[in-house]
Amino acid sequence: MIYLDNAATTKPCEECRRAVAETMENTFGNASSLHKAGTASLMLISRARAAVLRGMSLGKTRLSGEVLFTSGATESNNTALLGANLRGGRIVTTAIEHPSQARIIDKLEERGHEVVRLSPKDHDDFESAIVNAVDEKTALVSCMAVNNETGFCVDIRRLYNAVKAKNPKTLVHIDAVQGFLKMPLDGDLISVSGHKIHATKGIGALYIKKGVTLSPLLLGGGQQKNLRSGTEPVELIAGLEAAINAYEYKRELFERLRAALLGGLSEIPDIRINSGEGCLPNIVNFSVRGVRSEIMLHSLEEADICVSSGSACSKGKTSGVLSAFGVSDKDADCAVRVSMCSDNTEEEIALLCEKIAQTVKSVRR
Ligand code: PMP
């Protein structure tokens, strides 16, 4: 199988699989238990917290605060946005967010918050547009580090500093699912997910900057300093730690693969590239005009190639995110997303291009 859908999920790496199995065998205690099995789990969790902080900083920012382990970024986003004290204030966000953020912002709007949603298509400098939208009434800026459909990214550390310079009281929440380990991060609240970085599904984290208070979403036994009740899944946490430690973002490899893909696509007439300047090279979104996404996906599947239309989370429906990038509805209907990991090769990309060209020939006839 040629797997090119790494923005939907990644294969757990060997280091992760080994760590999960070893932890199930040897470190299965409940981290709240006072005996030695419990202490061993507690120590493992605290080591993993340090790994998450290191991964978010990537050696550039010094992040200090709490790291909560959650079931994934959907829970991290819910915990951050529903738990933050927003005092009824104004919210600045974007029209390209993942549904696990966007649906919560919709809810907050229904509850009376004023919401400003910015689209990249309306601004040459999107980062400045976000900062310019912040005023003295703005309680929250919530935006993603890297868009899951196109790879479009924002310099999060610069954004964070600029928002704070404009209004130090504004909370900054970053959905960093697709940016984690690929760029240094900063924020008051940062959501990440394990299954996008070769750990397992069912584990994510939320960073909470020192001094930021949150009301918990999950009540119960008071685990994780009362911020997220529930017995910590120590084996999944160990897998996350191992995946973080093993991860290496091979930017040059992705640039080579992207160049090969764009080169191959340029030989096929009438293709629009939807991932432009300012996108990470591991995600490439394009529209093959005249061939609907589903048709292309199924044709590629016959050749054992897995790609995606838009994002897997929108289950084939166009999400509206591409239109915020200026892609027409017609082109969005024909969108294909190729998202790579460091196991992918130029040979795989060549096979993909060959199969796309064949499909185009047979469908566009
Ligand atoms: N945010 C973004 C940008 C994502 O790509 C995803 C996963 N597609 C999520 C949030 C949700 O993450 P999870 O699957 O861990 O709940």
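The values are calculated or read from the model by the stated rules, or taken from the named source; none is laboratory data. It should be emphasised that the depicted structure is a prediction, and the values quoted were computed from it without experimental measurement. Note that we place each Cβ from the backbone using ideal geometry, even for glycine, and neighbour counts take in every protein chain shown. Surface accessibility is based on the protein's heavy atoms, side chains included, excluding ligands, DNA and RNA. Shrake-Rupley method; radii C 1.70, N 1.55, O 1.52, S 1.80 Å.
Descriptive notes on the structure:
- Only helices enter this figure: runs of n ≥ 4 DSSP H residues, each worth -39500 (n - 2.57), summed and divided by the residues of the chain, yield -12000 deg cm²/dmol at 222 nm to the nearest 500.
- Rounded tilt (10° steps) of 346-364 against the dominant C-alpha axis of the chain: 50
- The residues of region 139-282 expose on average 37 square angstrom of accessible surface per residue, using a 1.4 Å probe on protein heavy atoms.
- Along the chain, the exposed loop sites are GluC sites (Glu not before Pro) outside DSSP states H, G, I, E and B with at most 12 other Cβ atoms within 10 Å, and the longest stretch free of them is 1-135.
- Each Lys and Arg Cβ is given +1 and each Asp and Glu Cβ -1; about its Cα centre, region 231-365 then shows a dipole of about 760 debye.
- Dividing the mean sequence gap of close Cα pairs (under 8 Å, 6+ apart) by how many residues region 1-133 holds gives a relative contact order of 13 percent.
- Which listed pairs, of 137/201; 11/60; 11/355; 107/209; 60/196, have C-alpha distances above 26 Å, in listed order: 137/201; 11/60
- Extension reserve of the residue 58-residue 256 stretch, reckoned as 0.36 nm per residue once the Cα distance is removed: 69.0 nm
- Degrees between helix 251-266 axis and first principal axis of the chain (Cα, 0 to 90, nearest 10): 30
- Relative contact order (%) - criterion: Cα under 8 Å, at least six apart; region: the chain: 24
- About the Cα centre, charge dipole magnitude for region 21-161 (Lys/Arg +1, Asp/Glu -1 at Cβ), debye: 580
- The largest-to-smallest principal axis extents of the Cα set in region 259-365 are 34, 33, 24 Å.
- Label zone at residue 215, where the point sits 7 Å out along the Cα-to-Cβ direction: region 85-109 residues whose backbone N lies under 13 Å: 85-88
- Top of 27, 150, 231 by mean-square fluctuation, Gaussian network on the chain, Cα under 10 Å: 231
- Of the residues 193, 285, 211, the one whose Cα sits farthest toward the positive end of the charge dipole of the chain, with +1 on the Cβ of Lys and Arg and -1 on the Cβ of Asp and Glu, is 211.
- Its convex hull of Cα atoms gives region 15-123 a direction-averaged projected area, equal to a quarter of the hull surface, of 10.4 nm².
- For region 50-83 and region 231-289, distance of Cα centres in Å: 22
- Here the chain is assigned +1 on the Cβ of each Lys and Arg and -1 on the Cβ of each Asp and Glu. Its dipole about the Cα centre then comes out at about 980 debye.
- In the context of the full set of protein chains, region 1-135 has a per residue accessible area of 49 Å² (1.4 Å probe).
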